[in-house]
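Data block below; observations after.
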Amino acid sequence: MLCRIPMSLLLTAFVMSSSALAARSDHSTEGQATKPAAGKPAAPATAAPGTKAGPPPLTPADAAPLMGTWLIPLETPTGRLVGTLVFRTEANKVVAGLSAPQFAEHKITDITKTGQVVTLKASTNYSGPLTAFSGPVTMVLTLTPKGPDLAAWFDFNNSGFQIGGTAKKKG
C-alpha cells in the first residue's frame with residue numbers, strides 16, 4: 001500500500017488526475033495547508049444497489065459564483081506551486097480544468113456539491129518520467145467558501161498525500 005506519494009508524482013497527479021475531499025475555512029495563511037475540520041476526510045461512497053446515491057452533479061446555476069479562473073498557491077515540500085482551476089460549462093454541464101505551469105490542463109467532469117462544499121474527483125494510471133511510481137492515482141479536491149476565496153484541500157490516493165491552500169479568483 002502506498003503510504004506517501006513523492007512530490008514529483010503529486011505535481012503530475014495535480015493535473016493528470018483529480019478527486020476532491022475536504023477543506024475547511026480557518027485562519028491559515030495563503031497557500032498553507034490546513035487540516036480538515038473533523039479528522040481525516042472520507043470520499044463519498046459509491047452507492048451500492050438498494051442504497052441512496054451520492055450527491056448530484058453540480059448544476060450550472062449552482063456553479064455560477066465559481067465560473068471563471070481560480071489560482072491556487074500551494075506550499076509543497078519542494079517549493080511553491082501555483083495551480084490554475086477553471087470552471088466552465090460544456091453542453092449545459094459544469095466542467096473544470098486543472099493545470100499548473102509545467103502541465104497542460106486536465107478536464108474534470110465529476111463535480112458535486114453538498115451544502116456549500118464543492119468536490120471534484122478524477123483518477124488515472126500514472127507511469128512517467130517524474131518518479132519511479134507507477135499505478136493508479138486518485139485525487140479529490142474539496143473547495144469550501146472562505147469569504148470571497150475558497151479553501152482548497154487536495155487528497156491523493158485516500159490520504160497518501162494531502163495538501164491545501166487558498167484559491168483566489170483571477171480578476
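No value in this document is a laboratory result; all are computed from the given coordinates. Quick caveat: nothing in here was measured; it's all calculated off a predicted structure. Reconstructed Cβ throughout: ideal geometry from the backbone, glycine too, with neighbour counts over all protein chains shown.
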Self-check item: Virtual spin-label span in nm between Lys107 and Ala91, 7 Å along Cα→Cβ
Solution: 0.8
Practice problem: Obtain the nm distance between the two label points defined at Leu71 and Ser134 by a simple spin-label model: each point lies 7 Å from its Cα along the Cα-to-C-beta direction. | Solution: 3.8
Exercise. Can you pull the one-decimal nm distance between simple spin-label points at Thr114 and Lys170, each 7 Å off the Cα toward Cβ?
Key: 3.0
Practice problem: With a 10 Å radius around each residue's Cβ, average the other Cβ atoms per peptide and rank 52-63, 105-116, highest first. | Solution: 105-116, 52-63
